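Take a look at the structure set out below.
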Amino acid sequence: MTSYNPASPDFPFTLGIEEEYQVVDPQTRELRSYITQILDRGKMILREQIKPELHQSMVEVGTHPCRTIQEARAEVVRLRSIIAGLARQHGLTIISAGTHPISSWMSQEITPFERYKGVVEEMQQLALQLLIFGMHVHVGMPDDEVAIELMNVARYFLPHILALSTSSPFWMGRNTGFKSYRSALFANFPRTGIPPSFHSAAEFHNYVNLLIRTNCIDDAKKIYWDLRPHPYFGTLEFRICDAATRVDECIALAALMQALIVKLHRMFSENTTFRVYRRAVIMENKWRAQRWGLDGKLIDFGKRAEVDARALMHELVAFVDEVLDELGSRQEVEYLLKIAEGGSSADRQLAVFRETNDLNAVVDNLIVETLEGVPVYQG
């Protein structure tokens with residue numbers, strides 16, 4: 001029988017968090033193509049926990065597998081502290097948000113590694129303009145079959161998670177009218193968005209093998225869905241979120257994803273279930289989430305009615321309530337109610353812009369919020 005207690009040695013639902021940070025010049029507020037200069041020292045300290053991305057103004061970090069959300073918080077704080085400290089040594093800083101408010105993709109340098117040259121060769125301008133930043137959360141799985149069953153039902157909640165995480169309302173100096181413009185940009189890539197449902201792990205593996213055999217992809221990591229079984233880690237990877245600005249937001253979202261998976265698994269083990277909805281209807285909610293975020297309405301497809309997004313967040317927290325104490329994540333998940341009430345990072349960015357009419361002020365506020373509660377690394 002699967003254990004839902006993180007202290008148990010056979011607890012499978014471990015957590016891993018990956019964050020993509022923007023490397024920013026605090027004087028000009030612009031992105032700086034500087035990751036290769038930071039990377040050598042970063043790899044000495046963080047080893048495999050730091051890696052470059054396609055654009056040199058982006059750095060990705062990943063936690064070790066964590067059993068509890070408290071372990072994950074300590075890891076995220078440590079990683080932000082170290083990367084911010086390394087950037088500071090070069091007169092730079094970091095921001096965590098889905099897009100940069102003012103910088104243009106046209107002035108960014110590509111990281112000079114073979115794998116990125118291959119991406120640019122295949123995707124052309126789509127790759128060059130993919131100056132977007134996300135947060136990925138991995139939840140450990142007991143086996144491949146369970147991963148597919150849980151992916152099928154967890155897809156329904158992806159728009160709700162996106163609405164809470166929105167942090168990309170601006171793009172190249174413009175107010176896009178979206179709360180998550182990152183989502184709209186990423187939709188230009190193939191094999192993105194809400195995943196389809198699969199009847200079994202075998203059906204999913206046959207799909208992957210077909211793509212590899214027909215030279216659509218060379219590796220299952222080229223499937224970029226908002227939720228996917230990770231090909232190497234034995235996890236379900238949530239990829240729907242904009243980069244979370246505050247540590248508290250990052251941790252609340254990760255805690256929710258772990259709690260959702262545990263709740264759904266418990267339902268399966270008790271022979272209750274959650275309906276598997278068609279991709280087409282879930283995509284309707286994703287559109288609403290990326291466009292209006294928490295200010296919009298999402299569709300409750302069970303009731304066949306629109307519901308205020310903020311009200312649905314209360315329902316979502318109530319849905320996972322029974323597993324929170326066992327996971328030790330009640331405080332972290334209930335922080336989502338503060339986000340629902342006070343707004344996401346996108347809402348705060350738009351508020352700063354309304355007050356100041358100055359995107360530099362938006363960048364300055366993002367710098368402060370990204371390192372809120374993060375000690376200064378002095379190494």
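So, R0 is 25 Å and r is the distance between the beta-carbons of VAL376 and HIS64; what FRET efficiency does that work out to, to 0.05?
That gives a FRET efficiency of 0.65.
Given only helices, namely DSSP H runs of n ≥ 4 each adding -39500 (n - 2.57), what is the per-residue ellipticity at 222 nm of the chain, to the nearest 500 deg cm²/dmol?
-14500 deg cm²/dmol
Calculate how steeply helix 35-46 sits against the longest principal axis of the alpha-carbon atoms of the chain, using the helix alpha-carbon long axis, and give the answer as 0 to 90 degrees to the nearest 10.
60
Taking LYS221 as the anchor, which lysines have their alpha carbon closer than 22 Å to its alpha carbon, excluding any fewer than eight residues away along the same chain?
LYS51, LYS117
So what J values fall out for region 3-12 if you push phi through Karplus, 6.51 cos²θ - 1.76 cosθ + 1.60 with θ = phi - 60°, rounded to Hz, Gly and Pro as x?
8, 9, 9, x, 7, 6, x, 9, 6, x
Taking Cα atoms of the chain, Rg/Rh with Kirkwood Rh, to two decimals?
Result: Rg/Rh = 0.94.
Keeping all protein chains in position, work out how much accessible area ARG67 exposes to a 1.4 Å probe, and write it in Å² to the nearest 10.
Surface open to solvent at ARG67 totals about 80 Å².
How high is the relative contact order of the chain, in percent, with contacts defined as C-alpha pairs under 8 Å that are six or more residues apart? Before the final figure, lay out each step's value.
Working: 719 pairs, mean separation 84.7, N = 379.
Here the relative contact order equals 22 percent.
Rounded to whole Hz and in sequence order, give me ³J(HN,Hα) for region 344-357 from the Karplus expression 6.51 cos²θ - 1.76 cosθ + 1.60, θ = phi - 60°, writing x for Gly and Pro.
Each residue of region 344-357 in turn: 7, 4, 4, 5, 5, 4, 5, 5, 4, 5, 4, 6, 10, 6 Hz.
Can you send over the carbon and sulfur percentage of the accessible area for the chain, probe radius 1.4 Å, protein chains only? Working shown, then result.
Values: 7930 of 15620 Å².
With neighbouring chains kept in place, the figure for the chain is 51 percent.
Please tell me the relative contact order of region 226-379 in percent, rounded to the nearest whole number, where contacts are Cα pairs under 8 Å and at least six residues apart.
Across region 226-379, relative contact order equals 26 percent.
What accessible area, in Å² to the nearest ten, does a 1.4 Å probe give for VAL374?
20
Counting other Cβ atoms within 10 Å, keep those with at most 12, restrict to DSSP loop, and tell me which chymotrypsin sites (Phe, Trp or Tyr not before Pro) in region 169-245 are left.
Passing both the DSSP loop test and the Cβ count: TYR232.
May I ask you to give the solvent-accessible area per residue for the chain, in square angstrom, as obtained with a 1.4 angstrom probe?
Numbers: 15620 Å² over 379 residues.
On a per-residue basis, 41 Å².
With the contact rule set at Cα under 8 Å and sequence spacing of 6 or more, what percent relative contact order holds for region 1-155?
So the answer I get is 31 percent.
Within region 200-292, report the GluC sites (Glu not before Pro) that DSSP leaves as loop and that have at most 11 other Cβ atoms within 10 Å.
GLU270
To test your reading of the geometry: what angle, between 0 and 90 degrees and rounded to tens, separates the Cα axis of helix 247-269 from the longest principal axis of the chain?
Once rounded, the angle reads 20 degrees.
The values are calculated or read from the model by the stated rules, or taken from the named source; none is laboratory data. Keep in mind the model is a prediction, meaning the values are calculated, not measured. Methodologically, a virtual Cβ is constructed for each residue, glycine included, from the backbone with ideal geometry; neighbour enumeration extends over all protein chains shown. Accessible surface is based on the protein model in full, side chains and every heavy atom, while ligands, DNA and RNA are left aside. Shrake-Rupley method; radii C 1.70, N 1.55, O 1.52, S 1.80 Å.
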